[in-house]
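The values are calculated or read from the model by the stated rules, or taken from the named source; none is laboratory data. Every value quoted in this text rests on a predicted model; they were computed, and no experiment measured them. Cβ placement follows ideal geometry from the backbone for every residue including glycine, while neighbour counts extend to all protein chains displayed. With ligands, DNA and RNA removed, areas are computed over all heavy atoms of the protein, side chains included. Shrake-Rupley method; radii C 1.70, N 1.55, O 1.52, S 1.80 Å.
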Amino acid sequence: MDKLIVVLMVAIPAIIVIALVWVPAVSTVVLSFTDWNGIGNLGDIKFIGLENYDNVVNNYPPFPPAIQHNLIWLVVFFLGPTLLGIFFAALLDKEIRGSRIYQSIFFLPVVLSLALIGFIWQLIYSRDQGLLNELFGTHVDWYGDPSINLWAVLVAAGWRHTGYIMLLYLAGLKAVDPALREAASVDGAGEVRTFFQVIWPVMRPVNIVILVITVIESLRAFDIVWVINKGRNGLELISTLVTQNVIGEASRVGFGSALATIMIAISTVFIVIYMIQVVRERR
């Protein structure tokens, strides 16, 4: 009986992961070499080799700006919300007065979906009745102007990402041996020097996790952009292009799968980096 329970505990999660993760991922890669439109029998699928990838790179105008926007998203997340989250975590780790309240305030956006955050910030960004325009007496279309809407969305998405990173890093800081801080203090090191020369190296595993999470969050950014304008007019992202082609009016499943495979390939690079780091730490 015990063996049966163990087998079920291993088999059921494995089956779920294979069915919901690996099968769709492998199917996506296979379909990226076809011109299937999602209609008809699977036996009618025609393989066309690398033609979809060639069209993505050379004949699909939204792809270059989507790559550019994803890269901007990544850089901004690293230089803004990620570093800000680490900074807040370092401050709250000092057990300052009201730290529990501050943690709750910063973490509140994390429990909200990006789609809901998009609607919340619509109240701030609205051209006619938005809080921001009311404060400054302007009539800027923050979500509609393609020259600024990406930056407006990044502020909204970064609001959520900051709290997420803060929570992860604060958990890592709580696990740091207090003896390290005491030793640094005895040696005369200040708080800044202690953090960068003692705490930061110890936090290397957490830093790698945050690196991978930030990259993946930047690549899979979708919800907030989709609810605004479905990834058009200055908000093109790879994820929205995949959705537009797979379930949009065009119904180009093969072409959309090629875009999705490109996302998978980029994500896999950073996931492999993370796994290598985990293996090294365990050794």
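Numbers below:
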item	result
Cβ-Cβ under 6 Å pairs, at least 6 apart or on other chains, region 213-225 side touching a residue at least 12 places away in the same chain (Cβ under 8 Å) and under 12 Å from residue 161 (Cβ atoms), far side open to solvent by 10 Å² or more (accessible area, probe 1.4 Å) and among the aliphatic types (A, V, I, L, M)	218/74; 224/114
Every residue from region 185-206 that is in a helix (DSSP H, G or I) and either in contact with a Gly (Cβ under 7 Å, 6 or more places away or on another chain) or crowded, with 16+ Cβ neighbours inside 10 Å (or both)	194, 195, 198, 199, 206
Conditions (1) open to solvent by less than 80 Å² (accessible area, probe 1.4 Å); (2) within 23 Å of residue 214 (Cβ to Cβ); number of the one not met by residue 159	(1)
Single residue of 152, 156, 171, 179 found to be of a type in the set (A, V, I, L, M, F, W, C) and either on the phi > 0 side of the Ramachandran plot or modelled with pLDDT under 85 (or both)	179
Residue check for residue 152: touching a Phe, Trp or Tyr at 6+ places or on another chain (Cβ under 7 Å) and of a type in the set (Gly, Ala, Ser)	yes
Helices (runs of 4 or more DSSP H) completely within region 211-283 that count 1 or more residues being of a type in the set (Lys, Arg), modelled with pLDDT under 80 and open to solvent by 20 Å² or more (accessible area, probe 1.4 Å)	253-282
Inter-residue pairs, beta-carbon under 7 Å, first of a type in the set (D, E, K, R) and in region 77-99, second buried (at least 20 other Cβ atoms within 10 Å of the Cβ), 6+ apart	93/170
Selection count where residues are within 12 Å of residue 252 (Cα to Cα) and β-branched (Val, Ile, Thr), scope region 28-44	2
So residue 165, is it free of Cβ contacts under 8 Å to residues at least 24 places away in the same chain and of a type in the set (Val, Ile, Thr)	no
Residue match in region 102-111 (condition: of a type in the set (S, T, N, Q), free of Cβ contacts under 8 Å to residues at least 40 places away in the same chain and open to solvent by less than 70 Å² (accessible area, probe 1.4 Å))	no
Hey, residue 274 closer than 26 Å to residue 29 by Cα, aromatic (Phe, Trp, Tyr) and touching a residue at least 40 places away in the same chain (Cβ under 8 Å) or not	yes
Positions within region 168-184 being open to solvent by 40 Å² or more (accessible area, probe 1.4 Å), part of a helix (DSSP H, G or I) and either in contact (Cβ under 8 Å) with a residue 40 or more places away in the chain or within 29 Å of residue 218 (Cα to Cα) (or both), in sequence order	168, 171, 174
Qualifying residue in region 205-217 (condition: more than 24 Å from residue 34 (Cβ to Cβ), under 20 Å from the mean Cα position of the chain (by Cα) and charged (D, E, K, R))	yes
Those residues of region 15-59 which are assigned to a strand (DSSP E or B) and either open to solvent by less than 70 Å² (accessible area, probe 1.4 Å) or within 10 Å of residue 258 (Cα to Cα) (or both), in sequence order	34
Residue in region 81-94 that is open to solvent by less than 70 Å² (accessible area, probe 1.4 Å) and charged (D, E, K, R) present	yes
